[in-house]
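Student: The following block contains the structure, expressed as structure tokens.
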Amino acid sequence: GQQVMQIPQYQHVQEGEDFTTYCNSSTTLSNIQWYKQRPGGHPVFLIQLVKSGEVKKQKRLTFQFGEAKKNSSLHITATQTTDVGTYFCAGSDDYKLSFGAGTTVTVRA
Amino acid sequence: DVKVTQSSRYLVKRTGEKVFLECVQDMDHENMFWYRQDPGLGLRLIYFSYDVKMKEKGDIPEGYSVSREKKERFSLILESASTNQTSMYLCASSPMLGTTSGGSYNEQFFGPGTRLTVL
């Protein structure tokens, strides 16, 4: 079945630095979603990518969907303490989503 | 705003007990989901439902069952709780495939979660 792998599992970032988290699928996806879960909270939808090669930005966050629709990335620039949390990608081949294990981000002030 | 509520934030049960976790959504969403979340494993789908009285197995259905008698309510049942079912349980809902009501295409809205401990 479909599997979504996400790396790295942990990311420790100095405030102000950039980082990227990556998501790879064993199969071609119809779309990919990204969620953020703050410590003690529940996952909250960030964005969805549908088209091959699509790039979307939300302020300091840049999301990309690969040309083959089998991988995606989330790049955060100038990390802030508010970026702390776990970022999940979720790939869909129909209405069922498969979540990656998440990247847990901590920020050093 | 979409609201997904779960019956308990914390629950402690004993091995062998029957456990009910309730989830209610107020946005008339067709799809509802139950996940469990464990460190390092992300969110794993247990069961989902795309209509009243309909259910589909997810990736880890063993030891669980579900019930959806009304559109807004989706229940997860542990017939005989075991210690390896200690976990965070998250319910989610989403609009029907292809619709845009309530947000983006296929976006899932999560409840606050129930942390279940089985002793």
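Each reported figure results from applying straightforward, stated rules to the coordinates on display, with no laboratory input. In this text, all values refer to a predicted model and were calculated from it rather than measured experimentally. Heads up, the Cβs are rebuilt from the backbone with ideal geometry, glycines too, and the neighbour counts pull from every protein chain shown.
Student: Given the structure, is B:Asp59 surrounded by fewer than 19 Cβ atoms within 10 Å (Cβ to Cβ), within 14 Å of chain A (Cβ to nearest Cβ), within 20 Å of A:Gly91 (Cα to Cα) and in contact (Cβ under 8 Å) with a residue 12 or more places away in the chain? I'd like the intermediate steps shown before the answer.
Tutor: Working: surrounded by fewer than 19 Cβ atoms within 10 Å (Cβ to Cβ): yes; within 14 Å of chain A (Cβ to nearest Cβ): yes; within 20 Å of A:Gly91 (Cα to Cα): yes; in contact (Cβ under 8 Å) with a residue 12 or more places away in the chain: yes.
Here the answer is yes, as B:Asp59 does meet what is asked.
Student: Restricting region A:43-94 to residues that are of a type in the set (Ser, Thr, Tyr) and more than 28 Å from B:Gly58 (Cβ to Cβ), which is nearest to the other protein chains (Cβ to nearest Cβ)?
Tutor: For region A:43-94, the residue satisfying everything is A:Thr62.
For (1) farther than 30 Å from A:Tyr10 by Cα; (2) part of a strand (DSSP E or B); (3) of a type in the set (A, V, I, L, M, F, W, C), each residue gets a yes or a no:
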site: B:Leu21; (1), (2), (3): yes, yes, yes
site: B:Arg36; (1), (2), (3): no, yes, no
site: B:Glu62; (1), (2), (3): no, no, no
site: B:Arg68; (1), (2), (3): yes, yes, no
site: B:Ser80; (1), (2), (3): yes, no, no
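Student: Of the residues A:Thr28, A:Thr79, A:Thr21, only one is under 19 Å from B:Leu43 (Cβ atoms) and among the β-branched types (Val, Ile, Thr); which?
Tutor: Values: A:Thr28 fails: under 19 Å from B:Leu43 (Cβ atoms); A:Thr79 fails: under 19 Å from B:Leu43 (Cβ atoms).
Step by step, each of A:Thr28, A:Thr79, A:Thr21 is checked, and only A:Thr21 is under 19 Å from B:Leu43 (Cβ atoms) and among the β-branched types (Val, Ile, Thr).
Student: Same structure, new question: Would region B:34-53 turn up any residue that is farther than 26 Å from A:Gly100 by Cβ and hydrophobic (A, V, I, L, M, F, W, C)? I'd like the intermediate steps shown before the answer.
Tutor: Going residue by residue through region B:34-53, those that are farther than 26 Å from A:Gly100 by Cβ are B:51-53.
Remaining after also requiring hydrophobic (A, V, I, L, M, F, W, C): B:52.
Yes, that holds for at least one residue.
Student: Taking the options A:Glu67, A:Glu54, name whichever one is buried (at least 17 other Cβ atoms within 10 Å of the Cβ), farther than 21 Å from B:Gly113 by Cβ and over 13 Å from the mean Cα position of the chain (by Cα).
Tutor: A:Glu54
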